[in-house]
Amino acid sequence: MDALRELVFGLQQAGYLPEMFRYGFLTNALVASLIVGPLLGALGPLVVVKRLAFFSEAVGHGALTGVALGILLGEPATQPLAALFAFCVVFAVLLHWIKSRTQIPYDALVGVFLAFAIALGASLLLYVAKKVNVHILENVLFGSILTVKDQDLLVMFILALVCIVLMAFSGNRALISSLVPDLAKVRGIKVRFYDYVFVLLIALITVASVKIIGSILVGALLLVPAASARMISRTGREFFWISILFATLSCLLGIILPMAGALPIPSGAAIVLVASSGFVISLIIRRWRSLV
């Protein structure tokens, strides 16, 4: 992380970045975007292929309840990490466990969990709002680059390492399990195990991204860049790398533009708006290709 910070500072000193990045909190935000963007972009294609966009949205909304529980249990209002991660992981794993043991359509089941998470989170937040600064709760909902601390960067960095290790050792098996589960079973691949690993990664990365994107919009950054990449990619490899590119650029521009005054809105909203612009561009490129 220190190396990334030094890189950002060096780029600012060389004139490649605006002068505002001499401030530490903006450097932290930029480093966070360089970690979170590729992570979300790498998981996005599998979210699209496995049709888990609604699931990631539910986990993001579950962060509201996790934050409220953390504050009620005495954690710092700005860093309720233990309760936040614990609730969202249990929420995600329990949802997937029930899905494998019931005949209820998956979208209906996710809808039930989503409604529960929003209702419980809203109820608890109204209670804890009397004890904490209301702006802290706004940051949870919509994200804020001002709240990214060294501890958050450490959590993101550890998750990035975990994802890299998992992809290096079991990426192909996980991909086959997602695309052709019947073939994976024939080859002796534990499809259910990889399903749970993937669900767990979504939960962890979603929670880690709440600080800069916000719980309401974090699911969108798993979906939109991947959906954009799918429209213009010709191979699976292109799908993967274009999704990472779109997600990373969305995070970078979504942080730089608000601080430069171009988009005076929360960082989470700016990131998703930039990603949505990429989706529109992809639509135009796809349409242009069909006419050529």
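Please indicate, with yes or no, whether at least one residue in region 1-23 is modelled with pLDDT under 80, under 23 Å from residue 163 (Cβ atoms) and outside any helix (DSSP H, G or I). Looking through region 1-23, at least one residue is modelled with pLDDT under 80, under 23 Å from residue 163 (Cβ atoms) and outside any helix (DSSP H, G or I). Within the set 122, 108, 117, 92, the sole residue that is loosely packed, with under 15 Cβ neighbours inside 10 Å, among the small types (Gly, Ala, Ser) and modelled with pLDDT of 80 or more turns out to be 108.
Scanning region 83-116 for residues that are part of a helix (DSSP H, G or I) and of a type in the set (Gly, Ala, Ser) yields 83, 86, 92, 108, 111, 115. If we keep just the residues of region 267-282 that are touching a residue at least 60 places away in the same chain (Cβ under 8 Å) and over 15 Å from residue 34 (Cβ atoms), which is surrounded by the fewest Cβ atoms within 10 Å (Cβ to Cβ)? Taking the candidates together, the pick is 269.
Within region 69-83, the set of residues being within 20 Å of the chain's Cα centre (by Cα) and at pLDDT below 80 comprises 78, 79, 80, 81. The residue that is surrounded by the most Cβ atoms within 10 Å (Cβ to Cβ), among those in region 221-266 that are of a type in the set (Val, Ile, Thr) and in a helix (DSSP H, G or I), is 224.
Whenever a residue of region 39-60 is among the charged types (D, E, K, R), its partners that are at pLDDT below 85, lying with C-beta atoms within less than 6 angstrom and at least six residues away or across chains, give the pairs 50/178; 57/219.
The values are calculated or read from the model by the stated rules, or taken from the named source; none is laboratory data. Keep in mind the model is a prediction, meaning the values are calculated, not measured. So basically every Cβ, Gly included, is an ideal-geometry build from the backbone, and we count neighbours across all protein chains shown.
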